[in-house]
Amino acid sequence: MAMSTTTLGASEHDASTRPSFWSRLWQNDAPGYLFLLPWLIGFFGLTIGPIISSFYLSFTDFDLLTSPEWVGANNYIRMFTNDPKFWASMRVTMMFVIFSVPLKLAFALGVALLLNRGMRGLPLYRALFYLPSLLGASVAIAILWQQIFARDGLVNDFLAIFGIVGPSWISTPQYSLWTIIILAVWQFGSPMIIFLAGLRQIPQDMYEAASLDGAGRWRQFRKITLPLLTPVVFFNAIIQTIEAFKSFTPAFIISGGTGNPINSTLFYTLYLYQEAFGFFRMGYASALAWVLLALVGLFTAFSFLTSKYWVHYDD
Amino acid sequence: MTFRIDRRSFLLGSTALLAAGAAGINAAWAQASSLRLIFWGGQPRADRTYAVTDLYKEAKGTDVQGEFLAWNDYWAKLATQTAGGNAPDVIQMDYRYIVEYANRNAIAPLDDYVGTQLQLADFDQDQLEGGKVNGKLYGISLGANSVAMLVNTTAFEEAGVTPPTNDWTFDDLRTMGEAFKAANIRGGMKLIADGSYSEPMLNNWIRQKGKELYTADGQLGLDEADMTEWFQLWNGLREAGICVSADEQALDTGPLESTMIVSGKAAMIPANSNQLVAFQALMQDKIDMVGYPRIAAGQGGGHFRKPSMFFSVAGSSANKEAAAEFINFFISDPEAAKVLDVERGIPCLPAMRDVVAPLLNEQNQIALNFVSNLGDLLGPLPPPPPAAAGEIDLSLLRTVGQEVGFGARSAEDGAAYFVAEAKAILERAA
């Protein structure tokens, strides 16, 4: 009895001297949370909330005008068993990811290497090369791309010098996706900047030591630059892969939202958009979104798992 | 003070942002003395519309706050607002969506207001019928228009070919096409765009054969044999170099600038009578309009006077009477008619046509004459298309048409696929 009183007293004592979790939170962290509030509201209201409801909606039929109707896994089943457009769009996006990401990274690295030679006017060149990325996918780009890749466009004018009569690249099913891949590669600005920063981190004395040992430029690149740059390559590869999966605007703008011609530029995201805002099948579109999320997650997880075999960290 | 928001002004910067915020507040505190209006269109249409809302405010003291978007963005926005129970009072509605919105009570029947707020005694009968769903009036037509073939007469002159008249047939089309090809003007300009996946053109063609694209009970009105014939017809024109090639037609992604007539690849394109003004504004060459080609000499009945767009009242609106009153002003006030011109189509009240007629510019005069004098081209108004018609047009007809055009499918194969898939889509949507 006495013991229990003491413990009780002790705990009472504890409570009176040490503020509770909640009051501590209030006194110490309140200002912090207050300043975070706009972001928190946005995060929960505009990001987490919609994500959760989209998960729910993916199991429903929902046309916006009438309330959602529970259909179980029907959306997912239809997608995998009875929707040729799902597979067509998946193929387009996969092709885009597989070709645009390596090409873009190689191009960005190449330009970064060229710019990393301590040339004069570097900031200017850096800005110039970054410019295409800023232009993004605007209507102006769509028109520019038509001027370049149409039947009477720049590319064919150039080919005509060699007597080659080219097709209308941008509107022929076999080539139209490639014009968008080229657009993606052309917008190499952000990985280039990151590569450039990575190159700056590599200690110069390594190159000096290597050249004293008689290593040529190519050997230096292979044995020093590339291994030390792998963390940056890895980072860029992940970011660009995710970006490529999410890619929407170029195809939307260039094909006017149609995935023209014959669905050859019907990106997965574009199909999702058509289902949602063209035909008001919000449930099906939500299911498509979750499949995309799972796919991107798988790809990223796979990259992280394999990274230990090829990414070298200094320490 | 009315606040007007569109995407462009929104992007213009902070002033627009402020306006948007203020408009939001206004909407939230909306009272009976103010109405909200939403419509699709461009800046010129918005200018005309807002001039009428200003007139209305002067006349009746009711503030009408307008909002407009491009066609593609419009339906997503309207559906979202409707889902949120926040739809504007007055909604610009299209023939394609009116059944869907009416069936879901997203728009209200207006029969109760006819004779009181809405004075429709002289209103064109076919336009009134066009706004009915299941016998109830859900939309007031803002103007009639018709499909029309736009003709670049300057190019015809250059080629030394006589432009078509309303009597022309598909046979004439072939003859003209050959002559056009022989003339070889402007680096091989073709006679006509590829219409094989133009839904209005297919519809016009099948109506001349006495069928409809969609029956009154929302089923597909044509069969495999029809579609095969249709695709073969265009294959023939394409191979003969009378219409543009498949890869050129694929450059037309929707905007007027990308159409074959504006890009100078063809001398004719299928379009609508009310679009002549917009097309002429983009072109140096002179353009005119005629009917779609007849399947045989003297065969008519393909065209119809389509309600170009409606005003409907939201089912959730708290101010339905006031909304009906505004719509009545919009269609019957002479000053409003002068401002609106025929930009939304030919007015449906004869009195307003008389007001507008002397003021029309050349292109609008052409359009008015064309729609008023369709003669035997005119057939009955087709039943409103089923809800899935949009998907069949954009997602199926377009793709199959391109597959046939690029040679990925034969005409027969394309026809079989189209009919089977269209039926599946209709069934899924039902």
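The values are calculated or read from the model by the stated rules, or taken from the named source; none is laboratory data. Nothing here was measured: the structure is a model prediction, and the numbers come from that model. Neighbour counts run over all protein chains shown; Cβ positions are idealised from the backbone, glycine included.
Working carefully through the options B:L359, B:L368, B:L394, find the one that is within 17 Å of the chain's Cα centre (by Cα), free of Cβ contacts under 8 Å to residues at least 40 places away in the same chain and more than 10 Å from chain A (Cβ to nearest Cβ). Walk me through how you get there before you give the answer.
Working: B:L359 fails: within 17 Å of the chain's Cα centre (by Cα); B:L394 fails: more than 10 Å from chain A (Cβ to nearest Cβ).
None of the other options fit; the residue is B:L368.
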Hits in segment B:371-391 - residues which are within 14 Å of chain A (Cβ to nearest Cβ) and in a helix (DSSP H, G or I): B:A389, B:G390, B:E391
Report every pair of residues separated by at least 6 positions or lying on different chains whose Cβ atoms are under 6 Å apart, first residue within segment B:136-164 and closer than 27 Å to B:G301 by Cβ, second of a type in the set (D, E, K, R) and assigned to a helix (DSSP H, G or I). B:L137/B:D111
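Suppose we filter B:W230, B:W234 for residues that are buried (at least 19 other Cβ atoms within 10 Å of the Cβ) and touching a Leu at 6+ places or on another chain (Cβ under 8 Å); which single one remains? Lay out the reasoning, then the answer.
Details: B:W234 fails: touching a Leu at 6+ places or on another chain (Cβ under 8 Å).
Selected residue: B:W230, the only one of B:W230, B:W234 that is buried (at least 19 other Cβ atoms within 10 Å of the Cβ) and touching a Leu at 6+ places or on another chain (Cβ under 8 Å).
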Inside segment B:377-430, can you point out the residues that are of a type in the set (S, T, Y) and crowded, with 19+ Cβ neighbours inside 10 Å? B:S395, B:T399
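Count, please, the residues in segment A:273-287 that happen to be without any contact (Cβ under 8 Å) to a residue 24 or more places away in the chain and away from every other protein chain (no Cβ under 13 Å). Break it down stepwise before answering.
Kept after step one, since they are without any contact (Cβ under 8 Å) to a residue 24 or more places away in the chain, are these residues of segment A:273-287: A:274-279, A:285.
Still in the running and away from every other protein chain (no Cβ under 13 Å): none.
Qualifying residue count for the region: 0.
Among what's in segment B:397-420 and is assigned to a helix (DSSP H, G or I) and aromatic (F, W, Y), pick the residue that is farthest from the chain's Cα centre (by Cα). If you could, list the steps in order and put the result at the bottom.
In the first step, residues of segment B:397-420 are kept if they are assigned to a helix (DSSP H, G or I); the result is B:397-405, B:411-420.
After this cut, where a residue has to be aromatic (F, W, Y) as well, the list is B:417-418.
Values: B:Y417: 27, B:F418: 23 Å.
This residue is B:Y417.
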The lone exception for A:I77 - which of (1) hydrophobic (A, V, I, L, M, F, W, C); (2) under 29 Å from A:Q201 (Cα atoms); (3) out of contact with any helix residue (DSSP H, G or I) (no Cβ under 9 Å at 6 or more places or on another chain) it fails: (2)
Condition (residue is surrounded by 21 or more Cβ atoms within 10 Å (Cβ to Cβ), under 27 Å from A:Y56 (Cα atoms), among the hydrophobic types (A, V, I, L, M, F, W, C) and more than 9 Å from every other protein chain (Cβ to nearest Cβ)) applied to segment A:288-301: is it met by at least one residue? yes
When you check B:A216 against the structure, is it touching a Ser or Thr at 6+ places or on another chain (Cβ under 6 Å), in a loop (DSSP other than H, G, I, E, B), touching a residue at least 24 places away in the same chain (Cβ under 8 Å) and away from chain A (no Cβ under 14 Å), yes or no? no
Could you check how many residues of segment A:234-272 are among the aliphatic types (A, V, I, L, M), under 26 Å from A:Q147 (Cα atoms) and away from chain B (no Cβ under 14 Å)? 1
All positions within segment B:55-93 that are surrounded by 15 or more Cβ atoms within 10 Å (Cβ to Cβ), outside any helix (DSSP H, G or I), more than 14 Å from chain A (Cβ to nearest Cβ) and not β-branched (V, I, T): B:D63, B:Q65, B:G66, B:E67, B:F68, B:P88, B:D89, B:Q92
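Considering only residues of segment B:277-296 that are more than 16 Å from B:A155 (Cβ to Cβ) and within 16 Å of the chain's Cα centre (by Cα), which is nearest to the other protein chains (Cβ to nearest Cβ)? It would help to see each step written out before you state the result.
Taking segment B:277-296 and keeping what is more than 16 Å from B:A155 (Cβ to Cβ), we get B:277-278, B:281, B:291-296.
Imposing the further condition that a residue be within 16 Å of the chain's Cα centre (by Cα) reduces the set to B:277-278, B:291-292.
Working: B:V277: 22, B:A278: 17, B:G291: 28, B:Y292: 23 Å.
Only one residue fits best here, namely B:A278.
Every residue in segment B:152-163 that is touching a strand residue (DSSP E or B) at 6+ places or on another chain (Cβ under 7 Å) and either of a type in the set (F, W, Y) or surrounded by fewer than 22 Cβ atoms within 10 Å (Cβ to Cβ) (or both), please. Break it down stepwise before answering.
Of all residues in segment B:152-163, those touching a strand residue (DSSP E or B) at 6+ places or on another chain (Cβ under 7 Å) come to B:152-153, B:155-156, B:163.
Result: B:T153, B:F156, B:P163.
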Residue list for segment A:129-165, restricted to those being surrounded by fewer than 17 Cβ atoms within 10 Å (Cβ to Cβ), free of Cβ contacts under 8 Å to residues at least 40 places away in the same chain and either in contact with an Asp or Glu (Cβ under 9 Å, 6 or more places away or on another chain) or of a type in the set (F, W, Y) (or both): A:I143, A:F158, A:F162
Being closer than 24 Å to B:I346 by Cβ and in a loop (DSSP other than H, G, I, E, B) is the filter here, so list the residues in segment B:263-309 that pass it. B:M283, B:K286, B:G291, B:Y292, B:P293, B:G300, B:G301, B:G302, B:F304, B:R305, B:S308, B:M309
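Got a sec? Which of B:A106, B:A87, B:A102, B:A148 is in contact with a strand residue (DSSP E or B) (Cβ under 9 Å, 6 or more places away or on another chain) and under 27 Å from B:F370 (Cβ atoms)?
Values: B:A106 fails: under 27 Å from B:F370 (Cβ atoms); B:A87 fails: under 27 Å from B:F370 (Cβ atoms); B:A102 fails: under 27 Å from B:F370 (Cβ atoms).
The match here is B:A148.
Has segment B:245-257 got any residue that is charged (D, E, K, R), out of contact with any Gly (no Cβ under 6 Å at 6 or more places or on another chain), outside any loop (DSSP other than H, G, I, E, B) and away from chain A (no Cβ under 14 Å)?
Residues of segment B:245-257 that are charged (D, E, K, R), as a first pass: B:247-248, B:252, B:257.
Retained after the next criterion (residues that are out of contact with any Gly (no Cβ under 6 Å at 6 or more places or on another chain)): B:247-248, B:252, B:257.
Imposing the further condition that a residue be outside any loop (DSSP other than H, G, I, E, B) reduces the set to B:247-248, B:257.
So of that shortlist, the ones also away from chain A (no Cβ under 14 Å) come out as none.
Within segment B:245-257 (the criterion being charged (D, E, K, R), out of contact with any Gly (no Cβ under 6 Å at 6 or more places or on another chain), outside any loop (DSSP other than H, G, I, E, B) and away from chain A (no Cβ under 14 Å)), the answer is no, since none of the residues qualifies.
Would you mind finding the one in A:R117, A:R78 that is within 14 Å of chain B (Cβ to nearest Cβ), on the phi < 0 side of the Ramachandran plot and either surrounded by fewer than 16 Cβ atoms within 10 Å (Cβ to Cβ) or not in a helix (DSSP H, G or I) (or both)? Explain how you work it out, then say what you get.
On the way: A:R117 fails: within 14 Å of chain B (Cβ to nearest Cβ).
The match here is A:R78.
Answer with yes or no whether B:E58 is under 20 Å from the mean Cα position of the chain (by Cα) and among the charged types (D, E, K, R).
no
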Of all residues in segment A:170-205, which are under 24 Å from A:I238 (Cβ atoms) and not hydrophobic (A, V, I, L, M, F, W, C)? A:Q187, A:G189, A:S190, A:P191, A:G198, A:R200, A:Q201
Does segment B:70-99 hold any residues that are within 14 Å of B:V313 (Cα to Cα), of a type in the set (D, E) and under 18 Å from the mean Cα position of the chain (by Cα), and which are they? B:D94
Given (1) out of contact with any Asp or Glu (no Cβ under 9 Å at 6 or more places or on another chain); (2) modelled with pLDDT under 90; (3) farther than 16 Å from A:S100 by Cβ, index of the condition A:F234 fails: (2)
On the phi > 0 side of the Ramachandran plot and not polar (S, T, N, Q): which single residue out of B:G236, B:G241, B:G177 fits that description? B:G241
Positions within segment A:54-67 being more than 10 Å from every other protein chain (Cβ to nearest Cβ) and assigned to a loop (DSSP other than H, G, I, E, B), in sequence order: A:S58, A:F59
Among the residues of segment A:171-220, how many are of a type outside the set (S, T, Y), surrounded by 14 or more Cβ atoms within 10 Å (Cβ to Cβ) and within 30 Å of A:L270 (Cβ to Cβ)? 18
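I'm trying to understand the selection: among the residues of segment B:258-276, which are more than 14 Å from every other protein chain (Cβ to nearest Cβ) and under 16 Å from the mean Cα position of the chain (by Cα)? Steps first, please.
Taking segment B:258-276 first, the residues more than 14 Å from every other protein chain (Cβ to nearest Cβ) are B:261, B:267-276.
Of everything in segment B:258-276, those that are more than 14 Å from every other protein chain (Cβ to nearest Cβ) and under 16 Å from the mean Cα position of the chain (by Cα) turn out to be B:I269, B:P270, B:A271, B:N272, B:S273, B:N274, B:Q275, B:L276.
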Restricted to segment B:178-215 and to residues being touching a Gly at 6+ places or on another chain (Cβ under 7 Å) and among the charged types (D, E, K, R), the residue farthest from B:S263 (Cα to Cα) is B:K211
